[in-house]
Amino acid sequence: MIRLENVTKVFPGGSGPAVHQLSLDVAEGEIVVLVGPSGCGKTTTLKMINRLVEPTSGRITVAGEDIMAIPAHELRRRVGYVIQQIGLFPHRTIAENIATVPRLLGWERTRIDDRVGELIRLVDLEPGMRNRYPRELSGGQRQRAGVARALAADPPVMLMDEPFGAVDPIVRGRLQDELLDLQRRVHKTIVFVTHDIDEAIKLGDRVAILNIGGIVEQYAPPAVILRDPANAFVKAFLGSHRGIKRLSLIPVGEVPLEDGPMVDRSATARDARACMDRYGVDWFGILDGKELVGWAWASDLDGDSLAHIDPKPFEARVSLDASLREALDTIITSRTRVAPVFDGGRFVGTITAEGISRELAK
Amino acid sequence: MDGQANRGLLMEFLGDLLQWFGENWSGETGWLARTGEHLRVSGAALIAAMAVALPLAGWLGHTGRGGLLAVSVINIGRALPSFGIIALALPFTIWLARSTPLIDSGLGFAPTFIALFLLALPPIFTNTYAGIRGVDADVVEAARGMGITERRLVLDVEMPIASPVILTGIRVTAVQVVATATLGALVGYGGYGRFIVDGLAIQDRLQLVAGAILVAVLSILTEIGFSALERFVVPAGISRRRRADVVPPVAV
């Protein structure tokens, strides 16, 4: 969808190129995050895609068209653009701000009105915000309005330059989740710039790690970068918690699950003890057919059958599509040191800290 | 003289003034006609200055070029006394009237207009320039990034956002122009200056004071009128606190 071929940008008076011979391919519908230290040319690279910065040499195509062959203002109306400070027009209402590009494109008024309403719902702003002015909104609301404005004419491509850099961490996390949620519905091709590696890992389908001078050190899905950093620069940039960061990228479903110390309700106390010995634990889970009904301590065993035991419900449960990070969190805070995994309502197995560790070490 | 007598004299003078306003309002030399003359030259100079300064400063402010020009213009503007400009303009307009068909007379309206135009130019220019330069760079970048053309960017984004500063410049300028138009009487123009200059010449204290009062009232009305206009023209959503960035009035 977007292709950069040997793109170089030299600013007059700059020491060396800001971006040097950069090549990058962005597939349709994916989020590509450009991340790197300041001075790595990530913002310059982004701005070359909508010609806010003109490349010194090289070629950039969007949907197969050479961007230099399209008048800059027409190109920009086809490419959504969100920046950190948002840049909402203070003299226009939120609705008018959102309507900017549709108005430039000469849409009819009723079509614009409908679209504005739709976008306000899409980005989860209250309908009452329509006629407010930007200064009356909170930082998070302004950011949503900025995203709505960029989406207004339904551009296939979105460029986002540290859009969540100016809001506090809690709001940032929420806006990131919202962006991912939004992306599942709108399927844009997004190029996203950040200096925050965690944000890159969370949002990117692929992440390009840039070094000073616009050199791509590694361009791969975040799980791959975390598992196999291409070189010392990437390793250093990822920081010291690579393993922990990987946890949030791997779903529970990708790890082989264990049966766990589970016995059927019809089993005997001896079976239960044997099972606990096998796993080296002092508790056991109780199944009723395929249904997991709860668990009990070894000390709850009394007599030969399990019939009299009142199983305690599992408070710790993880779903198959949860991340290993959530699973680990559940495991280390639960008394059983094991998390039962459910696919919807169905019990499918258990996951342990050892299992997670084995997966990461692969 | 005791206070009582003083007060009596003052009341008598005020009575005479009222009588003067009552008797001298009509006709070609009445204060009504002089008001028209005063407003005509002031308005013409203000509109001409706006027509030159707004587009020029708007574009230079937008491109970021002409910063030095802006500073030079305001400094020259502050240094030049209007009285001097009128005196300098006079030989020029007399020559213009003699050797070209552009104007009928080198006296009166033409030199007054030139002096007021030159007086009005710097503050409108600098306030517009400063106002446009002061527009948030992020807003401009976002606008450009959405494909707004440069011309529309100036007209639809930068000008409205800068409007409080621009309008303040125009208001301050208008008041100065109205006050300074009085000097026109020195080169044969009408307006309120007529009363002051003639009053001085023939030692008619009443006429002199009446002229001064008229200038003061018209200046105040101008200030009020343009303040009301600002309230009306500045778009909602823009903080009117920006009026604080006013360039201070230029010395007359």
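The values are calculated or read from the model by the stated rules, or taken from the named source; none is laboratory data. Just so you know, these numbers come straight off a predicted model, no measurement behind them. Using ideal geometry, Cβ is built from the backbone for each residue, glycine included, and neighbour counts are taken over all protein chains shown. Areas reflect the complete protein model, heavy atoms only, side chains present, ligands, DNA and RNA absent. Shrake-Rupley method; radii C 1.70, N 1.55, O 1.52, S 1.80 Å.
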Going highest first, how would you order B:67-74, B:169-176 by mean Cβ packing within 10 Å?
-> B:169-176, B:67-74
Using a ≥ b ≥ c from the Cα gyration tensor of the stretch B:36-237 (square roots of the eigenvalues), is it rounded, prolate or oblate, where a/c under 1.5 gives rounded and otherwise the larger of a/b and b/c decides, a/b for prolate?
-> prolate
Accessible area, probe 1.4 Å, largest first, for residues A:LYS47, A:LYS188 | A:LYS47, A:LYS188
Considering lysine pairs in chain A that are 8 or more places apart or on different chains, how many have Cα atoms under 27 Å apart?
-> 19
Does the protein assembly as shown come out rounded, prolate or oblate by the C-alpha gyration tensor, with a ≥ b ≥ c the root eigenvalues, rounded set by a/c under 1.5 and, if not, prolate when a/b is larger than b/c and oblate if not?
-> prolate
Got a sec? Charge dipole of the protein assembly as shown, +1 on Cβ for Lys and Arg, -1 for Asp and Glu; which of B:THR100, A:PHE89, B:ILE114 is way out at the positive end?
-> B:THR100
Grab the DSSP H runs of chain A that are 4 residues or longer, score each as -39,500 (n - 2.57), total them, divide by all residues and round the 222 nm result to the nearest 500 deg cm²/dmol.
-> -10000 deg cm²/dmol
Cα gyration tensor shape for the stretch A:1-92, rounded if a/c is under 1.5, else prolate or oblate | rounded
What accessible area, in Å² to the nearest ten, does a 1.4 Å probe give for B:PHE117?
-> 40
Can you pull out the GluC sites (Glu not before Pro) in the stretch A:84-162 that DSSP calls coil and that have at most 14 other Cβ atoms within 10 Å?
-> A:GLU108
What is the magnitude of the charge dipole of the protein assembly as shown about its Cα centre, with +1 placed on the Cβ of each Lys and Arg, -1 on the Cβ of each Asp and Glu, and no other charges, expressed in debye to the nearest 20?
-> 1460
When chain B is treated as a Gaussian network with springs between alpha carbons less than 10 Å apart, the largest mean-square fluctuation among B:VAL178, B:VAL215, B:VAL52 is found at B:VAL52
Sum up the charges of everything whose Cβ sits under 12 Å from the Cβ of A:ILE332, counting Lys and Arg as +1 and Asp and Glu as -1, but leave A:ILE332 out.
-> +1
Which one of B:MET159, B:ALA70, B:VAL135 has its Cα pushed farthest toward the positive end of the charge dipole of the stretch B:36-237, where Lys and Arg give +1 and Asp and Glu give -1 at the Cβ?
-> B:ALA70
